[in-house]
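Right, one structure below, let's go through it.
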Amino acid sequence: MIKIDEKKGIFILYTKHTAMILQNLAGFIGMAYYGEKIKIAESEYFCRTDVRPYTPEELPGEEVSFHSIYPHVYPFYGCGNYRETAFRAEQENGSDTCCLKYIGCSIMKEKPKLPGLPQSFTKNCNTETLILYLHDETAGVLAEIMYTLFQDSEVIAQSVRIQNQGENPVMLKKVLSSCLYLEGDLELITLNGTWARERYVQRERINYGVKQIGSINGASSHTHNPFIAAVRPETTETQGEAWGMAFVYSGNFTASAEKDFQDRTQLMMGLHPETFSWELEPGKSFYAPEVLLNYSARGLGRLSRGYHDFIMNHIIRSKWKNRERPVLVNSWEAFYFDFDAEKLLHFADTALACGLDMLVLDDGWFGHREDDTSSLGDWFANEEKIPEGMEWLGEEIQKRNLKFGIWFEPEMISPDSELFRKHPEWAVQIPGRAGTLSRNQYVLDLTRQEVRTYLFRCMADVIHEADISYVKWDMNRQITEAYTPTLPAHRQKEFFHRYILGVYEIQEQLLKTFPDLLLENCAGGGGRFDCGMLYYSPQIWCSDNTDACDRAEIQMGTSLCYPPSCMGAHISACPNHITGRNTDFMTRAHVALAGTFGYELNLMRLTDTQVRQIQEQTAIYHAYSHLTRGGRFYRLMQNENYIAWQFVSPEQTETLVTVIQIRNSPNQARLHLKLQGLIPESCYALDGKLYTGGQLMRIGLPVEPLWGDGVSRLLHLTIEIAE
Ligand code: DGJ
């Protein structure tokens, strides 16, 4: 619900439990409050008229002090605001100064579209959008700040449209998407890491000055995830305030927290300005990607579940999102590049014997690829390995009653490839400057239409020919020497944004052409795990690290924003190929169960006992997938000894608890795992014993001691209906 009191200059955005109050002071829109719901009658008080900055009218001749402390919803540069700005537009005279004054607002039932971008959709849900029009007369620039409310969610989707209404082009140098202001002591939570260690949680105090994270490598990155949360120092999983910002975007981004000298914290998120500019012609618009804002008065867990529901209901479009995914086996850790058709068919026979549903052929099936030094771009069967071709292979796999999935790395080109020999100019490079290789490959210039057309055609042909049900879209290097000869010198900083728009365009086209295709995004493990990608694929490969202990931690971090059912998770061989660690086969399955669930090991090397265990594991997956896909997710515990989580059915009638013992520490008090999300007065049964929801949530579920490291328990409790 949106309430506007034009006379008092107050705008209130209400979700079911939250309120955001914006105010118009002297023609500038500021953020007065964002938090737990308040009454309309209280809103004026929340605008803090007693402590507000003096407006230029009240203190003539002193405008700078107003701008320097006013919480502008879309802070601009040049008139006295010396904190971080959200917007910079260079005009014909070379100046970046803008003064965005409020000129009106509108409320729409239809959510405005963001052309070419991933964005939250409103299907089956009433929405309302408040658009604030902020205008700089001198530059002829109109900024439309859009906030969309969803009837079924606490999340507010914010985006920005910039229009050039002047007569000259303007050069947009910074167009962030969202800015929040919060008061009081806060801590910042970010998800950070690197390859094989993605999305580890860091929590730190927000002090004076600017704390910034982001990416400039072309992808949202392994290093920092485009999600941040601000929390009170006392906030835990189950109590305390938490605010979140998640970017619906997969390229370069910035997210920052700045505490100013008024002890107010400004949180911002948007396109990274260091690698961005955009020439905006008169009459044209630029759309900044969406940020999903969220608030919880009751802990981080609730904030996460709010995001999970929103992503499931309003971001992921794939029809697969609510379906049980086929249990796949992927060839990567099974064979790497060392396979041929005979081996693959033997692999397929074994997969069938294990009761699996799909074989995914990973890297190495195309061109003359024997290792990572060649053939990216040559998307046709490797004649040495698959002389009969992809159509034949697809038929053979399907004859065995298995679905067929395939890996592509569409965005790349190997210098040793037919494509490079034909079109060296398609590789991202700067004429006259040596290109930097990574994993022996260059990036394709996806800002060029002809490159996108070529890629789509290649992929569509293989998908069609081999009757492919699943595609893993990988991206294994970062972008260097960002440049495209198709743009003039002064517009080169458009490259990164145009590149990611190119990625989105091809994925959109693929999904339109093959509406049943199950797409999984991937970027050298989890280097592009973001809400932008989820708009196209219902799942993303979480990390190349499949060690059960590390993976449990990576999945816990990822779950701060993203639903478990979208985390690509496989059971691999031990000793683990990356960590060398041994974990129990069942533990690996318990961790993968909390994600998409699949296998990535050489099935031909399994013992008979392991084959039986696979059958048991897949049966568990089928038995509980309604909970792991449709249940609510609770993080229960995470320390050096244990990681534990829980899924609860929407009706709270059953719950699935996973406890991983990372490291055994003997002679400790019996672990009592405090569960969450149950009905306190109902009884839940486990192994013939009954516990009330209240007992399980207050005292906890006693967990039998576990022996060893990397071992686990899966506990399923169901409600007992009184006779
Ligand atoms: C990186 C991915 O994360 C892996 O799963 C695998 O597909 C390799 N690339 C193949 O090159």
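The values are calculated or read from the model by the stated rules, or taken from the named source; none is laboratory data. Treat the numbers as computed from the prediction; the structure is a model and nothing was measured. In this analysis, Cβ positions are derived from the backbone assuming ideal geometry, glycine residues included, and neighbour counts consider all displayed protein chains. The accessibility values were calculated without ligands, DNA or RNA, using every heavy atom of the protein model including side chains. Shrake-Rupley method; radii C 1.70, N 1.55, O 1.52, S 1.80 Å.
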- Query: Can you list the lysines whose alpha carbon sits under 21 Å from that of Lys284, skipping same-chain ones fewer than 8 residues off?
  - Reply: Lys101, Lys111, Lys113, Lys173, Lys174, Lys493
- Picking from His490, Tyr454, Phe420, whose Cα lies most toward the positive end of the charge dipole for the range 323-541 (charges on Cβ: Lys, Arg +1; Asp, Glu -1)? His490
- Taking 105-113, 163-171, 522-530 and ranking on average Cβ neighbours within 10 Å, highest first, one gets 522-530, 163-171, 105-113
- Mind putting a number on the dipole of the chain about its Cα centre? Charges go on the C-beta only, +1 for Lys and Arg and -1 for Asp and Glu, and I need it in Debye to the nearest 20. 1400 debye
- Sum of side-chain charges, Leu446 neighbourhood, beta-carbon under 11 Å (Lys, Arg +1; Asp, Glu -1): -1
- Note on the structure: Carbon and sulfur atoms account, in whole percent of the 1.4 Å probe accessible area of the range 637-719, for 50 percent
- Could you give the radius of gyration (one decimal) and Dmax (whole number) of the Cα atoms in the range 637-719, in Å? 12.7, 38
- Message: Over the chain, with the other protein chains present, what is the accessible area per residue in square angstrom, probe 1.4 angstrom?
- Response: 38 Å²
- Dividing the convex hull volume of the alpha carbon atoms of the range 449-494 by its residue count, what do you get in Å³ per residue? 96 Å³
- Item | Check: the range 323-541 dipole with +1 on Lys, Arg Cβ and -1 on Asp, Glu Cβ, in debye | 960 debye
- So, by mean Cβ neighbours within 10 angstrom, what's the order for 420-433, 450-463, 18-31, 553-566 with the highest one leading? 553-566, 18-31, 450-463, 420-433
- Item | For the range 260-277, 3J(HN,Hα) per residue [Karplus equation, 6.51 cos²θ - 1.76 cosθ + 1.60, θ = phi - 60°, Hz, x = Gly/Pro] | 9, 6, 9, 6, 9, 9, 9, 10, 9, 8, x, 5, 5, x, 5, 10, 9, 7
- Can you give me the relative contact order of the range 637-719 as a percent, contacts being Cα pairs under 8 Å and 6 or more apart? 35 percent
- Item | 5 angstrom amide H check on Tyr77, placed H, neighbours 5+ away | Phe87, Cys98
- Expressed in angstrom, Rg and Dmax over the Cα atoms of the range 339-486 are 16.5, 56
- Any aspartates and glutamates whose Cα falls less than 19 Å from that of Lys7, other than same-chain ones fewer than 8 residues away, would be Glu42, Glu44, Asp50, Glu57, Glu58
- Message: I need the fraction of alpha carbon pairs in the range 2-314 separated by more than 31 Å, rounded to a whole percent.
- Response: 25 percent
- Message: Quick check: at a probe of 1.4 Å, how many percent of the accessible area of the range 187-338 sits on carbon and sulfur atoms?
- Response: 47 percent
- Whichever lysines have a C-alpha closer than 20 Å to that of Lys109, once near sequence neighbours (fewer than 8 apart) are set aside: Lys3, Lys16, Lys123
- So for His67, His464, His490, what's the accessible-area order with a 1.4 Å probe, most first? His464, His490, His67
- Query: So, with +1 on the Cβ of K and R and -1 on the Cβ of D and E, and no other charges, what is the size of the charge dipole of the range 548-686 about its Cα centre, to the nearest 20 debye?
  - Reply: 180 debye
- Over the chain, the sum of -39500 (n - 2.57) across DSSP H runs of at least four, divided by residue number and rounded to 500 deg cm²/dmol, gives at 222 nm -6000 deg cm²/dmol
- Tell me the Kirkwood hydrodynamic radius of the range 219-261 in angstroms, computed as one over the mean inverse distance between distinct C-alpha pairs. 12.2 Å
- Virtual spin-label span in nm between Arg663 and Glu281, 7 Å along Cα→Cβ: 6.2 nm
- Task: Quick one: P(r) of the range 260-321 from all Cα-Cα pairs, 5 Å bins, percents rounded to integers, in order of increasing distance.
- Result: 3, 11, 13, 15, 16, 15, 14, 9, 3, 1
- Distance between the range 457-498 and the range 28-44 - C-alpha centres, whole angstrom: 44 Å
- Query: What's the extension gain from Thr373 to Leu714 if we count 0.36 nm per residue and subtract their Cα-Cα distance?
  - Reply: 118.5 nm
- Of Glu154, Glu57, which has the most accessible area with a 1.4 Å probe, and how do the rest follow in descending order? Glu57, Glu154
- From the residues His368, Ile397, Val648, which one has its Cα farthest along the dipole of the chain in the positive direction, the dipole being from +1 and -1 charges on Cβ of Lys/Arg and Asp/Glu about the Cα centre? Val648
- Query: What residues of the range 74-107 lie in the reach of a label at Glu57, counting those whose backbone N is under 19 Å from a point 7 Å from the Cα along Cα→Cβ?
  - Reply: 100-105
- Message: Per-residue counts of other Cβ atoms within 10 Å, averaged by peptide: what ranking do you get for 476-483, 507-514, highest first?
- Response: 476-483, 507-514
- note: the chain, Cα-Cα separations exceeding 48 Å make up a percent value of 19 percent
